[in-house]
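The values are calculated or read from the model by the stated rules, or taken from the named source; none is laboratory data. Not measured: the values here are computed from a predicted model. Here Cβ is always computed from backbone atoms with ideal geometry, including for glycine, and neighbour counts include all displayed protein chains. Areas reflect the complete protein model, heavy atoms only, side chains present, ligands, DNA and RNA absent. Shrake-Rupley method; radii C 1.70, N 1.55, O 1.52, S 1.80 Å.
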Amino acid sequence: GKAVIGDLLPLDDSVHIEALLAEAAELMAAVRFDDPLPGVALHDIRGIFPLLRIEGYRLDIEALAAAAENLAVARDVREYFADRKEKYPLAAGIAGEIVPLEDIGRRIRRTITPDLRIADDATPELRSIRRRLDLARSSLRSLVERTLDILSDEVVGERTVTLRNGRYVIPVRESMRNRVPGAVHDRSQTGRTLFIEPLASIEGNNQVRELELAEEEEIDRILRDLTALLSGAVETIERNQDILVRLDVILAKTRYGAAVDGCAPKILDDPRIVIVRGRHPLLDWKFRKRGDGSRVVPMDLELGADATTVVLTGPNAGGKTVVLKTTGLLLLMAASGIPIPAGEGTAVCI
């Protein structure tokens, strides 16, 4: 949404401009009367759309979770405006084009936990593998700890079982290397301690590693299945994303308009400008952020019809240039479909 707003340019089609302003005006009343509008907090998943069109591609957990969260936002936004279509018909018409794809979103959210892990019950096979893996690790650790317990303090550096290269090892003093048969997996920074996998635990470590590989393979299969679900609906997901971005832009315009006590000006067919209590948008925003918006002096201006020329007079730093810039900026904002910091009754031509 921010990217779209950053690319906004003034338009010259008054019908299109009126439609954009009407969308924002419709929801400004909701903001002013505290009807809580839905947030459109989207992940930027534009990068996954071309990937989903590659046959057999597998997305990672983060991308899948982001897509699922966007689907949840799509569902919530659609339901919000569906319940209020009489109050907000324009927004409801836009949101009504969203296809929720709730089955896909629910499947991904059920499979991927909030901390971005694959849930144990994602599949019966994964649940079985992890249960066996937990038992194998517990048994292996007990075996290594028993080995550690029977070694004297002159042999071991410290009495802790650690992991090196995915294997359970014990810290052995370098000078006592021959007292502990097994495989060396690492050396301490000082070189005085070796991390040795005891001979008796090698088979158990191998079993754990085999189960870990089986877990990785099952997770890979699960991720491929979830990616295939998204791939089958990529056109719809991309269209949903575009609709949500459009609504995000409308809501941003809406909140801005309400924040500056602004309005969606009327677009006139004849060459005429009527500005009621208009404020320079940058000055207005600057002082509002300081909590002193009243310092910005509003201006009224009418040009066209009977008055086709205005003469601005006054001393230096008296506000003449600000009047010119305010008029120009308000017209350009209106032509870009953005509510302006001015009062009701403001009307501009394109």
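Contact list please: Cβ distance under 7 Å, first residue in region 103-125 and without any contact (Cβ under 8 Å) to a residue 60 or more places away in the chain, second residue hydroxyl-bearing (Ser, Thr, Tyr) and part of a helix (DSSP H, G or I), pairs at least six apart or on different chains.
Ala119/Thr111
Would it be correct to say that Glu154 is in a loop (DSSP other than H, G, I, E, B) and in contact (Cβ under 8 Å) with a residue 12 or more places away in the chain? Can you show your working first?
Details: in a loop (DSSP other than H, G, I, E, B): yes; in contact (Cβ under 8 Å) with a residue 12 or more places away in the chain: yes.
So Glu154 fits the description; yes.
Looking at region 301-317 only, could you name the residues that are assigned to a loop (DSSP other than H, G, I, E, B), at pLDDT 85 or above and not β-branched (Val, Ile, Thr)?
Selection gives Leu312, Gly314, Pro315, Asn316.
In region 76-105, which residues are assigned to a helix (DSSP H, G or I) and within 23 Å of Pro50 (Cα to Cα)?
Once the filter is applied, which keeps residues that are assigned to a helix (DSSP H, G or I) and within 23 Å of Pro50 (Cα to Cα), region 76-105 yields Glu102, Asp103, Ile104, Gly105.
Checking Leu27 against (1) touching a residue at least 24 places away in the same chain (Cβ under 8 Å); (2) open to solvent by 80 Å² or more (accessible area, probe 1.4 Å), which single condition isn't satisfied?
The failed condition is (2).
Taking the residues in region 196-224 that are over 24 Å from Ala183 (Cα atoms) and among the β-branched types (Val, Ile, Thr) as candidates, determine which candidate is surrounded by the most Cβ atoms within 10 Å (Cβ to Cβ).
Ranking the qualifying residues of region 196-224, first place goes to Ile222.
Is one or more of the residues making up region 67-74 more than 23 Å from Gly232 (Cβ to Cβ), open to solvent by less than 40 Å² (accessible area, probe 1.4 Å) and either outside any helix (DSSP H, G or I) or not aromatic (Phe, Trp, Tyr) (or both)? It would help to see each step written out before you state the result.
As a first pass, look at region 67-74 and keep what is more than 23 Å from Gly232 (Cβ to Cβ): none.
Checked region 67-74: no residue is more than 23 Å from Gly232 (Cβ to Cβ), open to solvent by less than 40 Å² (accessible area, probe 1.4 Å) and either outside any helix (DSSP H, G or I) or not aromatic (Phe, Trp, Tyr) (or both).
Would you confirm whether or not region 89-105 contains a residue that is touching a Pro at 6+ places or on another chain (Cβ under 8 Å) and open to solvent by 40 Å² or more (accessible area, probe 1.4 Å)?
no
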